[in-house]
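Trainee: The structure is given below, and queries will be raised subsequently.
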Amino acid sequence: MAFSKTFPRTVKGSNYPVWEEIYLTDEEEKEEDLKSRKENIRLLQESIEDAKGIMKRKGLKEFQTDMINISLALFEKRASHSVYWKENRAKKKFDKKFSL
């Protein structure tokens with residue numbers, strides 16, 4: 001099922017917007033999934049390094065499970081908007097289609 005996002009389009013002479021639904025092609029969706037995957041891997045690696053630093057600064061023993069739990073908490077917070085890439089791509093298509 002293709003990703004879609006609805007955007008309001010202003011129409012002259014009307015107080016109400018027309019809602020336009022923008023769909024990503026399968027190829028566009030796969031591109032955004034790949035971008036998201038690469039970014040999530042980078043964020044997870046960064047989160048692991050940050051967790052190691054936090055544990056060291058706080059004098060905590062570096063038990064691997066504790067470090068991984070802190071890393072995952074940081075990662076989940078940072079990666080919580082995984083749909084961002086697809087919504088951003090759909091917005092660009094909308095803007096291009098309606099010359100905004």
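Trainee: Using θ = phi - 60° and the Karplus relation 6.51 cos²θ - 1.76 cosθ + 1.60, list the HN-Hα couplings for region 25-38 in order, rounded to whole Hz, with x at every Gly or Pro.
Mentor: 6, 4, 5, 4, 5, 5, 4, 5, 4, 5, 4, 4, 4, 4
Trainee: Once you order the gyration tensor axes a ≥ b ≥ c over the Cα atoms, which shape class does region 1-53 get: rounded for a/c under 1.5, otherwise prolate or oblate by comparing a/b with b/c?
Mentor: Here region 1-53 falls in the oblate category.
Trainee: Let me ask another. Rounded to the nearest 0.05, what FRET efficiency do GLU49 and ASN88 have when you use their Cβ-Cβ distance and R0 = 35 Å?
Mentor: Working from the Cβ atoms, E equals 0.85.
Trainee: Further question: Of all GluC sites (Glu not before Pro) in region 19-100, which ones are in loop regions per DSSP and have a Cβ with at most 16 other Cβ atoms within 10 Å?
Mentor: GLU62
Trainee: Something else now. Restricting to Cα pairs below 8 Å that are 6+ residues apart, what does the relative contact order work out to for region 4-97? Please round to a whole percent.
Mentor: 32
Trainee: 222 nm [θ] for the chain, helices only, -39500 (n - 2.57) per DSSP H run of 4+, per residue, to 500?
Mentor: Value at 222 nm, helices only, nearest 500: -21000 deg cm²/dmol.
Trainee: Right, here's the next one. Can you list the HN-Hα couplings for region 51-66, worked out from phi with the Karplus curve (6.51, -1.76, 1.60; θ = phi - 60°), rounded to whole Hz and with x for Gly and Pro?
Mentor: Each residue's phi maps through the Karplus curve to give 5, 4, x, 4, 5, 5, 5, 8, x, 7, 6, 7, 6, 4, 5, 5 Hz.
Trainee: Among the listed pairs LYS56/LYS86; LYS35/LYS56; LYS38/LYS93; LYS12/LYS93; LYS38/LYS61; LYS5/LYS52, which have their C-alpha atoms separated by more than 28 angstrom in this model?
Mentor: LYS56/LYS86; LYS35/LYS56; LYS38/LYS61; LYS5/LYS52
Trainee: Most mobile of LYS12, LYS52, LYS35 per a Gaussian network model of the chain (Cα springs, under 10 Å)?
Mentor: LYS12
Trainee: Among (i) 66, 31, 20; (ii) 42, 32, 20; (iii) 37, 26, 19, only one was calculated for this model; which label is it, if the read-out is Cα extents along the principal axes in Å?
Mentor: Computed from these coordinates, Cα extents along the principal axes in Å corresponds to label (i).
Trainee: Okay, moving on. What residues have an amide H closer than 5 Å to that of GLU20, excluding those fewer than 5 places away on the same chain, when H is modeled at 1.01 Å from N in the peptide plane?
Mentor: PHE7, ARG9
Trainee: Could you size up the charge dipole of region 4-97 around its Cα centre, putting +1 on the beta carbon of Lys and Arg and -1 on that of Asp and Glu, and report it in debye to the nearest 20?
Mentor: 400
Just so you know, all these numbers are worked out from the coordinates, no wet-lab data involved. It should be emphasised that the depicted structure is a prediction, and the values quoted were computed from it without experimental measurement. Virtual Cβ from ideal backbone geometry, glycine too; neighbours counted across all protein chains shown.
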